[in-house]
Amino acid sequence: MSELTEASVRAEVRAWLEANFDPDLGLVEWRNKLIDGGWAAPTWPVEWFGKGYSDPLGRVVDEEFDRIGAVTVCRVGIRNLAAATLLAHGTDLQREKFLRRILTGEDTWCQLFSEPGSGSDMAGATTRADLKGNKWVVNGQKVWTTSAHHAQYGLLLARTDWDEVKHKGLSFFILDIEQAGVDVQPLRQMNGHASFNQVFMTDAEISPEFMVGAPGEGWKIATTTLMHERRGADSLRRYAEAKERPGRIYAEEKVEIDHQLEPYKWYPQRGGRADLLIERARETGKIEDPAIRQEIAKVLTMLKTAEWTALRARAAQDQGRPQGPEGSLGKLAASNVARAAARVHTEIAGADAMLTGEDGPMEGVIAEVLISVPAISIAGGTDEIQRNIIAERVLKMPKETRVDTDRPFRDVPRNTVS
């Protein structure tokens, strides 16, 4: 077998696309063709629809798709975290059932981790799964669940052993969201959107083959999911955009993206919109204010530093290193940038920053920034959690004294009833 190089991979994918891409194909039909050709997820293992390429070679493939505007697989939402988790920990049965439909976009996923009484303390989950006969029966409540209102499946963290210590009594499941025992209720946010949901499970059922890993391995598996999520929260994250081109495949992709991104359309605002600072300063004349220019320069410096942190994480990934604490560094950096940018937007706009809709700067975008930015310090693990991870795993500092990790979970004081 000849050695793979960037040039050889580029030539191969370019020839394949020229021979196979047709904008008049249906979206799912094309994606199945991609999967069968190994180009849907080229960095995945060969036995699971990929080619086993390194991440740098995977980006070469992406560049060739971008060059001709070819549609790729569905990359929106939690489905990518589900795929990464199943590739790392799933059984062959689970991968066979779910991975192809994740790539085609036919199934939507959500993440059922946070609870009203255990948000940052994810290991304190009290949603329970009890083995009754040949089924796991789930009862409990999850919250802040993005896209649960149109998901088919959820990544569920539930407690299966109350006599174990908190981290060892959790198990990881794939939950059918559309069954009768699952009730999804949207939550309205202060920025007017309803991206999140609370999810109530009452005697919901899961077949044993849809437990991921072994009983008690839920914490380890959920950590894999979160590390991928945090790495995706850095400043290099790309948002899907529909291509304005003729053809059935582009029309169907636009419908898909509009539907899937509905819960996420305010996410650029929660990032602080540092990209708008210079434009806003020029529009308002504040660019002439040396103090404002200095504050903008500080934010842009922070943004560039955050990008370098993200590139370091990418370099580690290119070297084949497992997902690690780099994701926490990137997420914390993104949070700091967002808050700093929001402060500067306020200094530029003054009291007008509080006006929403057509009355506000940029038709309310700046007001949406101010009330959306707090979310980035909470979602995917709070800033405080990221600092703990960085302190313990990067700086090798001693862990905080804990009083809830050396006793059966049923004996741990908490603010919910088991």
Checklist entry - Counting only residues that are aromatic (Phe, Trp, Tyr) and part of a loop (DSSP other than H, G, I, E, B), which one in region 36-59 is surrounded by the fewest Cβ atoms within 10 Å (Cβ to Cβ)? => result 53
Item to check | Subset tally (residues that are part of a loop (DSSP other than H, G, I, E, B) and under 21 Å from residue 74 (Cβ atoms)) for region 3-15 | outcome: 0
Checklist entry - Given region 304-418, what helices (runs of 4 or more DSSP H) lie entirely inside it while holding 2 or more residues that are at pLDDT below 85 and under 30 Å from residue 52 (Cβ atoms)? => result 326-349
Checklist entry - residue 77: at pLDDT 95 or above and buried (at least 23 other Cβ atoms within 10 Å of the Cβ), yes or no? => result no
Next on the checklist: Taking the condition of being part of a helix (DSSP H, G or I) and surrounded by 19 or more Cβ atoms within 10 Å (Cβ to Cβ), how many residues in region 273-291 meet it?
Outcome noted: 6
Next on the checklist: So, in region 317-372, exactly how many residues are surrounded by fewer than 16 Cβ atoms within 10 Å (Cβ to Cβ) and among the small types (Gly, Ala, Ser)?
Outcome noted: 4
Next on the checklist: Among the residues in region 16-35, are any within 23 Å of residue 86 (Cα to Cα), assigned to a loop (DSSP other than H, G, I, E, B), in contact with a Phe, Trp or Tyr (Cβ under 9 Å, 6 or more places away or on another chain) and not assigned by TED's automatic domain parsing to the domain that holds residue 106?
Outcome noted: no
Checklist entry - Among 349, 353, 367, which is in contact with a His (Cβ under 9 Å, 6 or more places away or on another chain) and more than 23 Å from residue 386 (Cβ to Cβ)? => result 353
Next on the checklist: Just the residues that are part of a strand (DSSP E or B) and of a type in the set (Asp, Glu), please, taken from region 115-153.
Outcome noted: 115, 130
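The values are calculated or read from the model by the stated rules, or taken from the named source; none is laboratory data. Note that this is a predicted model, so its numbers are computed, not measured. Here Cβ is always computed from backbone atoms with ideal geometry, including for glycine, and neighbour counts include all displayed protein chains.
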